[in-house]
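**Q** Have a look at this one before I ask anything.
The values are calculated or read from the model by the stated rules, or taken from the named source; none is laboratory data. The structure displayed is predicted, hence computed values, not measured ones. All Cβ positions, even for glycine, are placed from backbone atoms using ideal geometry, and neighbour counts span all protein chains on display.
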């Protein structure tokens, strides 16, 4: 998977995979920026603040970056959740019903982001 032998290179395989579940796995008390910085630290990114800024831009949430995620709309929560799964530039991403509960505009934004990832060479496993 992702160019690694699953039997002998398990750690590398795990590092190349990310997941966004059916329900947003975000901390409502933290801000969008703090959620992203937390994941960047967990993924051992050397510059978590810069990673968070980049991801906020990628999902068009710069204006809401410092607001608690608990105040976000469903579409905003979904986008921050997807941004969290993009940290570390995984080669393979599993997206489980990424547009659940989204309005048509937010749904289009998510599918645009997915198309961009595929165009950049990311493998997406999408369930709908």
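**Q** Within region 76-105, work out how many residues are part of a helix (DSSP H, G or I) and surrounded by fewer than 18 Cβ atoms within 10 Å (Cβ to Cβ).
**A** Selection size over region 76-105: 2.
**Q** Are any residues in region 31-65 more than 28 Å from residue 3 (Cβ to Cβ), touching a residue at least 40 places away in the same chain (Cβ under 8 Å) and assigned to a helix (DSSP H, G or I), and if so, which ones?
**A** 32, 35, listed by residue number.
**Q** Does region 17-30 contain at least one residue that is buried (at least 18 other Cβ atoms within 10 Å of the Cβ), touching a helix residue (DSSP H, G or I) at 6+ places or on another chain (Cβ under 7 Å) and in a strand (DSSP E or B)?
**A** Yes - at least one qualifying residue is present in region 17-30.
**Q** Before we move on, is residue 124 touching a helix residue (DSSP H, G or I) at 6+ places or on another chain (Cβ under 7 Å), under 19 Å from residue 25 (Cβ atoms), in contact (Cβ under 8 Å) with a residue 12 or more places away in the chain and in a helix (DSSP H, G or I)?
**A** Criteria not met by residue 124.
**Q** Also, I was wondering about something else. Does residue 51 meet the test of being in contact with a strand residue (DSSP E or B) (Cβ under 6 Å, 6 or more places away or on another chain), modelled with pLDDT of 90 or more and closer than 27 Å to residue 13 by Cβ?
**A** Here the answer is no, as residue 51 does not meet what is asked.
**Q** With respect to the numbered conditions (1) loosely packed, with under 13 Cβ neighbours inside 10 Å; (2) touching a residue at least 60 places away in the same chain (Cβ under 8 Å); (3) in contact with a helix residue (DSSP H, G or I) (Cβ under 8 Å, 6 or more places away or on another chain), which one is the sole condition not fulfilled by residue 3?
**A** That leaves (3) as the condition not met.
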